[in-house]
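The following block contains the structure, expressed as structure tokens.
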Amino acid sequence: MSRARLAIGALLVVAVAVVAAVGVAVWRDGYTRVEESVDAPRSGEAASNPLYVLKLALQRDRVQVQARQRLALGLHPLKPRDTVLIFRDPRTLSADDAKALLAWAERGGHLIVRTPPLHEQLGESPVPVLTELGVTLLDRSDVADEEELRSGCVGVYERGLEAQGQFCGGRRFYFYNSDSAPERAWGDEDSAYVYARFAHGQGHVDVVSDLDFLSNDTGSGNPLLRGLRFSDDKIAQPANAALARQLLAPNYRAGTVHLIYAAEVPSLWKTLIERSWMAWLPLLLWLLGWLWLRMQRFGPLRPAPALERRSLLEHIVASGEHVYRYGYGPRLYEAARRAFLARLRRRDPYAAGLDGEPRVALLAERFKSAPALSADEIRDALTPPLAREHTAFRTRIATLIRMRNRL
């Protein structure tokens with residue numbers, strides 16, 4: 001019998017081994033190992049800095065660059081050959097910062113600012129830097145319709161490539177109120193200008209209709225940024241990269257390029273809904289199921305059943321009321337008095353050894369601090385009350401407890 005079992009066991013082992021070998025052979029014949037790269041969502045500075053790719057490109061080109069959200073001239077002083085690019089709305093600049101930037105540009109700096117967004121009405125309010133330069137911005141009240149305000153796109157040409165539309169959504173401007181003509185300008189008198197470079201002292205100030213071509217947005221690849229794995233950004237387009245290079249030309253590699261941007265942090269709720277649904281959706285279903293199990297059934301209202309009461313304090317209070325009701329109040333008083341005298345013997349044996357008025361005087365001296373107890377109160381507390389004097393009984397018991405707790 002044992003040999004038969006051993007034979008059956010051996011056959012089973014062999015059969016399992018054969019099946020496993022066949023499975024491994026089939027799997028290795030039918031499947032091949034491949035590598036696949038999946039772009040993860042951007043995080044950190046790459047997710048909040050719209051000029052992050054431009055920063056990396058300048059660093060790869062051996063240009064000193066700093067990117068930050070605020071100008072902070074006190075923490076980041078500017079040198080004469082530096083370049084400052086204000087990516088956000090220039091109206092966010094204070095009057096002091098605008099004056100300091102223009103004074104720095106006169107000493108050889110290169111300032112790049114954009115015009116305010118097109119969808120906002122400017123009115124008569126001044127725009128820092130642009131107003132000081134004498135630049136006149138095209139406003140909604142100056143044109144008949146939206147199309148005339150936009151005036152179409154400007155074609156950016158690069159050798160061997162098709163023309164690319166640029167500055168389609170930017171606010172155009174004129175410079176006929178400026179004290180000096182710009183060194184370079186892009187546009188015409190009919191449809192206004194999208195770019196102008198003004199000589200300002202020893203430096204330059206560039207006014208651009210829009211700086212979105214420098215941002216981290218979708219586009220096509222550019223060999224200039226090969227290896228950065230950001231080839232889908234707008235700045236990575238060849239024409240935009242060439243335009244950015246020309247924009248930064250005056251002080252290129254002569255100083256530090258300061259990229260001032262406003263952080264584009266995505267909404268927390270949008271991030272949770274789009275990227276964290278694998279966590280909150282099961283939790284939401286579990287919560288709904290728990291609420292379904294816990295909710296009240298439909299039907300007539302019923303009072304909640306009385307719960308058992310097991311409070312020790314309630315039992316003590318009830319026992320005391322019962323004893324006092326049946327005329328045993330002196331026993332309760334004597335128990336409280338003995339408890340006080342027992343603690344007094346432990347804490348102050350000298351006072352406990354006294355009797356009568358000497359002990360009362362010593363206790364009054366001991367309890368003179370606030371809340372003070374007078375000698376009359378102490379004398380009454382140590383004297384048993386008369387039968388059925390409810391007020392005197394409660395007062396003496398309370399005083400004894402207070403004296404006992406203060407020892």
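Where does helix 390-406 land angle-wise versus the long Cα axis of the chain, in degrees 0 to 90, nearest 10?
60
Then there is this: Going highest first, how would you order 238-245, 271-278, 345-352 by mean Cβ packing within 10 Å? Could the numbers behind the result be given before it?
Working: 238-245: 19.5, 271-278: 10.8, 345-352: 13.4.
Ranked by mean Cβ neighbours within 10 Å, highest first: 238-245, 345-352, 271-278.
So for the chain, if I pair up every lysine 8 or more residues apart or on another chain, how many of those pairs have alpha-carbons under 29 Å apart?
Numbers: LYS55/LYS79; LYS55/LYS99; LYS55/LYS234; LYS55/LYS270; LYS79/LYS99; LYS234/LYS270.
Number of lysine pairs found: 6.
Tell me the accessible surface of LYS368 in square angstrom (1.4 angstrom probe, heavy atoms of protein chains only), to the nearest ten.
130
Taking only the alpha-carbon positions of the stretch 1-87 and ignoring solvent, what does the Debye formula give for the base-10 log of I(q)/I(0) at q = 0.20, 0.26 Å⁻¹?
-1.05, -1.29
Separate question: How large a share of the accessible area of the chain, in percent, is made up of carbon and sulfur atoms when the probe is 1.4 Å and the other protein chains stay in place?
Numbers: 15140 of 26620 Å².
Answer for the chain: carbon and sulfur cover 57 percent of the accessible area.
Calculate for the chain the 222 nm mean residue ellipticity that helices alone would give, adding -39,500 (n - 2.57) per DSSP H run of length 4 or more and normalising by residue count, nearest 500 deg cm²/dmol. Before the final figure, lay out each step's value.
Working: 15 runs with 171 residues, N = 407.
Result for the chain, helices only: -13000 deg cm²/dmol.
Quick one: among ARG88, ARG253, ARG366, which has the greatest mean-square fluctuation in a GNM of the chain with alpha-carbon springs under 10 angstrom?
Largest GNM mean-square fluctuation: ARG366.
Let me ask something else. Averaged per residue, what accessible surface does the chain expose to a 1.4 Å probe, in Å²?
Numbers: 26620 Å² over 407 residues.
Roughly 65 Å² per residue, with all protein chains present.
Quote the relative contact order of the chain in percent (integer), defining contacts as alpha-carbon pairs under 8 Å separated by 6+ residues.
Values: 495 pairs, mean separation 65.5, N = 407.
Contact order relative to length: 16 percent.
I would also like to ask the following. If you take the square roots of the eigenvalues of the alpha-carbon gyration tensor of the chain and sort them as a ≥ b ≥ c, do you get rounded (a/c under 1.5), prolate (a/b over b/c) or oblate?
Numbers: a/c = 3.34, a/b = 1.73, b/c = 1.93.
Because a/c hits 1.5 or more and a/b fails to exceed b/c, the chain counts as oblate.
When a/c reaches 1.5 or more, the comparison of a/b and b/c decides; with that in mind, is the stretch 249-399 rounded, prolate or oblate per its Cα gyration tensor? Walk me through the intermediate numbers first.
On the way: a/c = 5.60, a/b = 1.91, b/c = 2.93.
Note, shape of the stretch 249-399 comes out oblate.
So how much accessible area does SER48 have, in Å² to the nearest 10, using a 1.4 Å probe?
SER48 exposes around 20 Å² with every protein chain in place.
The values are calculated or read from the model by the stated rules, or taken from the named source; none is laboratory data. From a predicted model like this one, the values you see are computed outputs, not experimental measurements. When we count neighbours, we look across all protein chains shown, and the Cβ atoms used for this are built from the backbone with ideal geometry, even at glycine. Quick note on the areas: whole protein, heavy atoms, side chains included, nothing else; ligands and nucleic acids left out. Shrake-Rupley method; radii C 1.70, N 1.55, O 1.52, S 1.80 Å.
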